[in-house]
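This report refers to the structure that appears directly beneath it.
Only the coordinates and a few stated rules stand behind these numbers; no lab work does. All values derive from a computational prediction rather than experimental measurement. Counting neighbours? That spans all protein chains shown, and the Cβs are built from the backbone with ideal geometry, glycine included.
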Amino acid sequence: MRNTEPTSADRAYTTVKELIVSGELPGGELISEGQIAARTGTSRTPVREAFLRLAAEGWMRLYPKRGALIVPIAPDEAAHIVDARRLVETGSLAAFADDAATRSAVADLMRASLDRQRALADDGDAHRFAAEDADFHTLVVTHGANPLLSTFYSGLRDRQRRMTSNSVARNPTAWASIVDDHTRLTALVEQGDVAGFEVALSRHMAATHSLPHSRGLS
């Protein structure tokens, strides 16, 4: 029978990636194989494998005999992620905007997420708040019932979480603003207002991540 247990390299990869996504390892920081080996209780060989994988995915750059540099979020990368999310989320809402029952069900799920977001904001838990933020937005995409878009969107999740973690760490007022924006988005989903949702979503992401408002939206 095939062994499905994660390898030491898998565990090192998961640990380091989570540290990057959560913001605990910020962009621009230089880390060594030895640091991560000590943290994960493994030898340097699996850590080296994990670093190679993370470098291939664009999370870090490797410098022989120096270590690995955590790649910061570039302004153009952030803008591209936000633009892709706007297109996918708006298109997903359009797919069920005429179905009142689905709109109501999604809005109920979004309100439950909002309750969790408020509790996490009160606790100051940026890591879990960012994950809940990603889950909130994914609700619309999931109910768009397009598996290709869902798969594409899930590929943005870790970068979305990283951006949100950075935003709430940088700006203490962002927590309340995000929850307020999410409350408005929930109402627009329940109403099936696709155009209003697109504008509100664009403004929300631009404000949260300190980016210019998307072109063509007002």
Check: Which Cα, out of Val141, Ile20, Gly192, lies furthest along the positive dipole direction of the chain (beta carbon charges, K/R +1, D/E -1)?
Finding: Ile20
Checklist line | Approximate spin-label separation Ala105-Leu148, in nm, with each point projected 7 Å along Cα-to-Cβ | finding: 2.4 nm
Next item on the list: Kindly provide the helix-only [θ] at 222 nm of the chain, computed as the sum of -39,500 (n - 2.57) over DSSP H runs of four or more divided by all residues, to the nearest 500 deg cm²/dmol?
Entry: -23000 deg cm²/dmol
Check: Between region 167-186 and region 23-79, what is the C-alpha centre distance in whole Å?
Finding: 29 Å
Notebook entry, point to check: Cβ under 10 Å from Ala119's Cβ, Ala119 left aside: what net charge do those residues give with Lys, Arg +1 and Asp, Glu -1?
Noted result: -2
Notebook entry, point to check: What's the Kirkwood radius of the chain in Å, using all Cα pairs?
Noted result: 18.6 Å
Check: For region 8-70, rounded, prolate or oblate, judged on the Cα gyration tensor with a ≥ b ≥ c (square roots of eigenvalues), a/c < 1.5 rounded, else prolate if a/b > b/c?
Finding: rounded
Checklist line | Label-to-label distance, nm, for residues given as Arg44 and Asp115 (7 Å Cα→Cβ offset) | finding: 5.2 nm
Note to self: Classify region 103-218 from the C-alpha gyration tensor, please: rounded if a/c falls under 1.5, else prolate or oblate depending on whether a/b exceeds b/c.
What the structure shows: rounded
Next item on the list: Only Cα pairs under 8 Å and at least 6 apart count here; give the relative contact order of the chain as a rounded whole percent.
Entry: 22 percent
Note to self: Could you work out the relative contact order of region 8-70? I mean the mean sequence separation of Cα pairs under 8 Å and 6+ apart, divided by the number of residues, in percent.
What the structure shows: 42 percent
Item checked: Computed over region 97-171: relative contact order in percent, which uses C-alpha pairs under 8 Å that are six or more apart -> 32 percent
Check: Could you give the dipole magnitude of region 75-208 about its Cα centre, charging the beta-carbon of Lys and Arg +1 and that of Asp and Glu -1, in debye to the nearest 20?
Finding: 240 debye
